[in-house]
Number of protein chains: 2
Amino acid sequence: MTGPAAQDSAHPAIARWQGADGEILIGGRTLRQVAREVGRTPFYAYDRGRISDRVAALRAALPEGVRLHYAIKANPMPAVIAHLAPLVDGVDVASAGELARALEAGLDPAEMGFAGPGKTDEELAAAAVAGVLIELESEGEMRRLAAIATERKLHPRVAVRVNPDFRLKGSGMHMGGGPSQFGVDAEAVPALLHSLAELPLQFEGFHIFGGSQNLSAESLVTAEREIAALAIRLAAAAPSPVRYVNIGGGFGIPYFPKDQPLDLAAVGAGLTDVVRDIRSALPEARVVLELGRYIVGEAGLYVCRVIDRKVSRGQVFLVTDGGLHHHLAATGNFGQAIRRNFPVAIGTRFGAPAEETVNVVGCLCTPIDLLADRAALPRAEVGDLVVVFQSGAYGLSASPTAFLGHPPPGEILV
Amino acid sequence: MTGPAAQDSAHPAIARWQGADGEILIGGRTLRQVAREVGRTPFYAYDRGRISDRVAALRAALPEGVRLHYAIKANPMPAVIAHLAPLVDGVDVASAGELARALEAGLDPAEMGFAGPGKTDEELAAAAVAGVLIELESEGEMRRLAAIATERKLHPRVAVRVNPDFRLKGSGMHMGGGPSQFGVDAEAVPALLHSLAELPLQFEGFHIFGGSQNLSAESLVTAEREIAALAIRLAAAAPSPVRYVNIGGGFGIPYFPKDQPLDLAAVGAGLTDVVRDIRSALPEARVVLELGRYIVGEAGLYVCRVIDRKVSRGQVFLVTDGGLHHHLAATGNFGQAIRRNFPVAIGTRFGAPAEETVNVVGCLCTPIDLLADRAALPRAEVGDLVVVFQSGAYGLSASPTAFLGHPPPGEILV
């Protein structure tokens, strides 16, 4: 048996939360109060104030003239979308389903972008009818949309999603620089724009995205500079003035023991030149920054209950009523090459010193259902509540809730 | 760019399927016929005849006296459960939800086992009332069940799930030999049985499970010999004659290029001694073999449609309307340490020679949505149907269907 896997209550993601009488506070309420309101465990709880605070921090740090979009895919809970609707300048959707949720929340289709490499004809038609900006991923998609536009006598608004010819360093996921299913290769964009000019499509601009989950301000700013230069360069081939430049996002949040929070002030300062350059070269362009995880990720907790406490061959196991079916990412099965622990605490013994090294597991009959591997935690008993931090993005919606036939978790915006 | 990732139409999983006029046949119908019946893509199709054939092959190969159980977690589609109900001797459930589905299918609770490390009080009560065999995972769970039994004046049937003191070699997932959340450590079982004798619980026997997804007949038979010996040894401490020995399962199916199908005849021959030994030492014992993946896994296909065909920097991408949200395992994000391709074919050009090396991707905005990495396939166009084989187990129910707001796939038993 090796030592604790460096689970540390001083993790920045945990240190940002307060407790009272040994319970973590969510939106000013104790964890047990929130659990009573939800009526069951497990559940996800999102802190409304923290989401608002994050948007305010972005507004304070980002240069004037950046329009902030929320990427709904990070957390599509209707209450979260409704809470964010008046706070952001627009949203990005990735499917007809997300488009419908955004419209139901009363958001303005004029301020919606729709990206995604596999849009069906039905989705393209729905987006064209709604009047959202359709971000074209390929020549084939452009031709399909043009055929729909002709048939339905529509003039869809479009931007070209560009697969850049550089790579964002330090990202959790790379999405540019090489061959990709996302967007049109930068070098092929001029020819595409030439064809586009002949089609019944209203060209607005470009969407250039370099990667996601990046914690380095320097890497992000470097990439955004290259994105701006690429957009300006491609604009020379545009059939009409560029009115939209989506510079992506990719701001990361700290998940793992050595992760440090992104230096937002440094990103904001670095973006000043980027935005100035774009607006100087393309004076009609709206500059859009698209963020999902960074807006909601740190505001969310996943909470489950200890059902059993057992010792097997010298190791303590806290068996919970939650697990992989609710929170796939926390078990390391959502695109992570190496499994590492999300920050975890005993939310009903919050602030207590670590007393033992335990494995926190879910209730499923599979060894991959592991929420925390050898974490140093206060001693927990049956009935205590385990909290997994950094769970506000790519949590519930990115999990196989039907697996093994358990009920879905609750979900509450506090 | 490296060469094709050894996708080969001679893979045993593909070679077992027939085509007609260039289309794969499912239950005697062409792929496009099945697609029309489902009414949309993507969908899962399960071949009823192949499920029956697999059960028949097991009956032919296994020694007399082995009772065959279906583990519902592998594929909980109600039509699949109903189809299997008359073919198997019982089922295993892993939650109250699966228990309800099994009861709805008219299965006999006397022939149901319920295992799982995080059973809630509500689940234990439901199982006790239904009269299923509850497989105890820990002393704590035993005490909780006893309290429920006392309060409700019930005498639940129980077995002890044992965490063995050996490890099954060659399994995709190890579930024994070390510390574990599953079962009671073998060395702690005698003391537990001593306590159990004083509680209002009807002891029936043991459940000993060594691992899953094993393709080596030799490893499986070796493990089953050890499981039998352990059950016989532990029976000496039992408070009443052992009437149930669940020897697990773990029979694997070939997913990846070099995988070879399990030699079922060799497993069956090797189990003859195992079953004879158990029945000789424990004459009242039912010997139960519990299989999920092996019964349904090879009978299922996942089918999605090519929405776009694009070339990016020298690589061909087939963008489909399916993906990770429907079939997480095929994208390598379900417990696999290394991503490898499931067997894939163009189901509407079935049997055609490979002409190009392509990436088959899903429709989600994430680079992990990759169904086939550099697979050698016939040239496919928009509208062609991609088939992912070996998709009958741990497919739909193990996938995050809500991710990005796309509709769920169809599901049909043909």
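The values are calculated or read from the model by the stated rules, or taken from the named source; none is laboratory data. Predicted, not measured: the structure shown is a model, and the values here were computed from it. Every residue, glycine as well, gets a Cβ built from its backbone with ideal geometry; the counts of neighbours run over all protein chains shown. Each accessible area value is taken on the protein alone, full model and side chains, heavy atoms only, with ligands, DNA and RNA left out. Shrake-Rupley method; radii C 1.70, N 1.55, O 1.52, S 1.80 Å.
Assorted remarks:
- Unmet requirement for B:MET173, which otherwise passes all of (1) modelled with pLDDT of 95 or more; (2) touching a strand residue (DSSP E or B) at 6+ places or on another chain (Cβ under 9 Å): (1)
- Of all the criteria given as (1) part of a strand (DSSP E or B); (2) within 14 Å of chain A (Cβ to nearest Cβ); (3) of a type outside the set (S, T, N, Q); (4) under 24 Å from B:GLY252 (Cα atoms), the one not satisfied by B:ILE338 is (1).
- Of the residues screened, B:GLY332 is not one that is facing chain A (nearest Cβ under 10 Å), of a type in the set (Gly, Ala, Ser), under 20 Å from A:GLU141 (Cβ atoms) and touching a residue at least 12 places away in the same chain (Cβ under 8 Å).
- Test result for A:ALA238, at pLDDT 95 or above, buried (at least 18 other Cβ atoms within 10 Å of the Cβ) and in a loop (DSSP other than H, G, I, E, B): yes
- Flag if B:GLY116 is open to solvent by less than 10 Å² (accessible area, probe 1.4 Å), modelled with pLDDT of 95 or more and at positive phi: yes
- Condition check for B:VAL88: under 23 Å from B:ARG161 (Cβ atoms), modelled with pLDDT of 95 or more and not assigned by TED's automatic domain parsing to the domain that holds B:VAL387: yes
- Failed item, numbered, when A:SER180 is tested on (1) away from chain B (no Cβ under 12 Å); (2) crowded, with 22+ Cβ neighbours inside 10 Å; (3) without any contact (Cβ under 8 Å) to a residue 24 or more places away in the chain: (1)
- Consider the range A:1-21 and keep the residues that are open to solvent by less than 40 Å² (accessible area, probe 1.4 Å) and not in a loop (DSSP other than H, G, I, E, B). The one that is modelled with the lowest pLDDT is A:PRO12.
- Consider the range A:266-279 and keep the residues that are hydrophobic (A, V, I, L, M, F, W, C) and more than 24 Å from A:ASP92 (Cα to Cα). The one that is least open to solvent (accessible area, probe 1.4 Å) is A:ALA266.
- If only residues of the range B:88-106 that are in contact with a Lys or Arg (Cβ under 9 Å, 6 or more places away or on another chain) and more than 14 Å from chain A (Cβ to nearest Cβ) are counted, the one that is surrounded by the most Cβ atoms within 10 Å (Cβ to Cβ) is B:GLY90.
- Looking across the range B:376-387, the residues that are open to solvent by less than 30 Å² (accessible area, probe 1.4 Å) and under 20 Å from B:GLY39 (Cβ atoms) come down to B:GLY383, B:ASP384, B:LEU385, B:VAL386, B:VAL387.
- Residues (among the small types (Gly, Ala, Ser), assigned to a loop (DSSP other than H, G, I, E, B) and at pLDDT 95 or above) located in the range A:249-273: A:GLY252
- If you go through the range A:345-380 and keep only what is within 10 Å of chain B (Cβ to nearest Cβ) and in a loop (DSSP other than H, G, I, E, B), you end up with A:GLY362, A:CYS363, A:LEU364, A:CYS365, A:THR366, A:PRO367, A:ILE368, A:ASP369.
- Screening the range B:134-163 for residues that are outside any helix (DSSP H, G or I) and among the charged types (D, E, K, R) and picking the one that is farthest from the other protein chains (Cβ to nearest Cβ) gives B:LYS153.
- Any chance B:PHE251 is crowded, with 22+ Cβ neighbours inside 10 Å, in contact with a helix residue (DSSP H, G or I) (Cβ under 9 Å, 6 or more places away or on another chain), under 30 Å from A:ASN333 (Cβ atoms) and outside the structural domain of B:ARG36 (by TED's automatic domain parsing): yes
- Selection within the range A:312-329 - within 7 Å of another protein chain (Cβ to nearest Cβ) and aliphatic (A, V, I, L, M): A:VAL319, A:LEU328
- Checklist (1) in a helix (DSSP H, G or I); (2) touching a strand residue (DSSP E or B) at 6+ places or on another chain (Cβ under 7 Å); (3) modelled with pLDDT under 95 applied to B:SER219, failing item: (2)
- Set B:ASP369, B:ASP373: member being in the same structural domain as B:GLY347 (by TED's automatic domain parsing), open to solvent by 10 Å² or more (accessible area, probe 1.4 Å) and acidic (Asp, Glu): B:ASP373
- Any chance A:ILE72 is touching a helix residue (DSSP H, G or I) at 6+ places or on another chain (Cβ under 6 Å), open to solvent by less than 10 Å² (accessible area, probe 1.4 Å), of a type in the set (A, V, I, L, M) and within 30 Å of A:ASN246 (Cα to Cα): yes
- Residues in the range B:383-414 that are more than 7 Å from chain A (Cβ to nearest Cβ), among the hydrophobic types (A, V, I, L, M, F, W, C) and more than 23 Å from B:ASP259 (Cβ to Cβ): B:LEU385, B:ILE412, B:LEU413, B:VAL414.
- All positions within the range B:123-152 that are under 24 Å from B:SER180 (Cα atoms) and either without any contact (Cβ under 8 Å) to a residue 24 or more places away in the chain or open to solvent by 30 Å² or more (accessible area, probe 1.4 Å) (or both): B:GLU139, B:GLY140, B:GLU141, B:ARG143, B:ARG144
- Criterion (open to solvent by less than 20 Å² (accessible area, probe 1.4 Å), closer than 22 Å to B:GLU122 by Cβ and in contact with a His (Cβ under 9 Å, 6 or more places away or on another chain)) met by exactly one of A:GLY395, A:GLY410, A:GLY362: A:GLY362
Yes/no per residue for (1) of a type in the set (D, E, K, R); (2) touching a strand residue (DSSP E or B) at 6+ places or on another chain (Cβ under 7 Å):
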{"residue": "B:GLY27", "(1), (2)": "no, no"}
{"residue": "B:GLY49", "(1), (2)": "no, no"}
{"residue": "B:ARG54", "(1), (2)": "yes, no"}
{"residue": "B:ALA57", "(1), (2)": "no, no"}
{"residue": "B:GLU64", "(1), (2)": "yes, no"}
{"residue": "B:ALA71", "(1), (2)": "no, yes"}
{"residue": "B:ALA74", "(1), (2)": "no, no"}
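- Condition met for B:GLN390 (open to solvent by less than 10 Å² (accessible area, probe 1.4 Å), in contact with a helix residue (DSSP H, G or I) (Cβ under 8 Å, 6 or more places away or on another chain) and under 30 Å from A:THR331 (Cα atoms)): yes
- Of all residues in the range A:274-324, those that are part of a loop (DSSP other than H, G, I, E, B) and more than 30 Å from B:GLY177 (Cα to Cα) total 5.
- Screening A:ASP308 with (1) in contact with a Gly (Cβ under 7 Å, 6 or more places away or on another chain); (2) at pLDDT below 95 gives one miss only, at (2).
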